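**Student:** Before I ask anything, here is the structure I am working with.
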Amino acid sequence: GDYNQKIDYVFKVVLIGDSAVGKTQLLARFARNEFSVDSKATIGVEFQTKTLLIDHKTVKAQIWDTAGQERYRAVTSAYYRGAVGAMLVYDMTKRQSFDHMARWLEELRGHADKNIVIMLIGNKCDLGSLRAVPTEDAQEFAQRENLFFMETSALEATNVETAFFTILTEIYRII
Ligand code: GDP
Ligand code: MG
């Protein structure tokens, strides 16, 4: 455990995106290497932490989950406060969740620090046959908006560590 560990940095990263795109399962996979098929919609703001080494420094990632607020468009400014990173998550089998990314990005940029590092995540890549968002569409959006981009599966643990490690490393690089 990290009981006696000296923490060099704490990085707050927020997860945003429509309901049911897989935010909570991405966090469960990253923080605890778990996945649950019938994850309940979460109530109340929550975060989880994971400590990792970046460039020989101990970084505590504090990852916030919207906890059901996405249904009411009620993500508050407290949620974004102090965030140095954000993951904008859509479900690659649900076109609408991708089309909403522009709205989430606008909301994020309205609340967060201007230097925040943002990564676009197309989750559920294990459901390839149901794909509704071509990789190129997402790449184009990410390039235009200056976002990192990755396709992930929380279910199969594809690219989840890589995505979090990439955003945390970039945050570390620019601080
Ligand atoms: P949230 O509302 O964005 O937090 O979404 P959840 O994490 O609660 O996930 C919503 C549903 O999608 C749940 O039934 C999950 O089991 C499922 N889910 C999440 N991630 C994946 C994934 O990578 N692949 C598949 N096939 N299902 C997923
Ligand atoms: Mg959730």
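**Student:** Classify the chain as rounded, prolate or oblate, taking a ≥ b ≥ c as the square roots of the eigenvalues of its Cα gyration tensor: rounded when a/c is under 1.5, otherwise prolate if a/b is larger than b/c and oblate if not.
**Tutor:** Here the chain falls in the rounded category.
**Student:** So what is the orientation-averaged projected area of the range 59-144, using the convex hull of its C-alpha atoms, in nm²?
**Tutor:** If I average the Cα hull's projected area over directions, I get 6.5 nm².
**Student:** Still on this structure, please answer the following. Hey, got a sec? Which trypsin sites (Lys or Arg not before Pro) in the range 63-119 land in a DSSP loop and have at most 10 other Cβ atoms within 10 Å?
**Tutor:** Arg73, Lys114
**Student:** Which ³J(HN,Hα) values, rounded to whole Hz and listed in residue order, are derived for the range 160-172 from phi using the Karplus coefficients 6.51, -1.76 and 1.60 in 6.51 cos²θ - 1.76 cosθ + 1.60 with θ = phi - 60°, glycine and proline given as x?
**Tutor:** Running phi through 6.51 cos²θ - 1.76 cosθ + 1.60 with θ = phi - 60° gives 6, 4, 4, 4, 5, 5, 5, 5, 5, 5, 5, 4, 4 Hz.
**Student:** Of the heavy-atom accessible surface of the chain (probe 1.4 angstrom), what whole percent is carbon and sulfur?
**Tutor:** Taking all protein chains in place, the chain shows 49 percent carbon and sulfur surface.
**Student:** Any idea what angle helix 135-145 forms with the longest principal axis of the chain, computed on alpha-carbon atoms, 0 to 90 degrees, nearest 10?
**Tutor:** That works out to roughly 60 degrees.
**Student:** Run the helix sum for the chain: -39,500 (n - 2.57) per DSSP H stretch of 4+ residues, divided by residue count, reported at 222 nm to the nearest 500 deg cm²/dmol. Walk me through the numbers before you get to the answer.
**Tutor:** On the way: 6 runs with 56 residues, N = 175.
Dividing the helical sum by the residues of the chain leaves -9000 deg cm²/dmol.
The values are calculated or read from the model by the stated rules, or taken from the named source; none is laboratory data. This is a predicted model, so every value here is computed, not measured. For neighbour counting, all protein chains shown are included, and Cβ atoms are generated from backbone atoms with ideal geometry for every residue, glycine included. Surface areas here come from the heavy atoms of the whole protein model, side chains and all, with no ligands, DNA or RNA. Shrake-Rupley method; radii C 1.70, N 1.55, O 1.52, S 1.80 Å.
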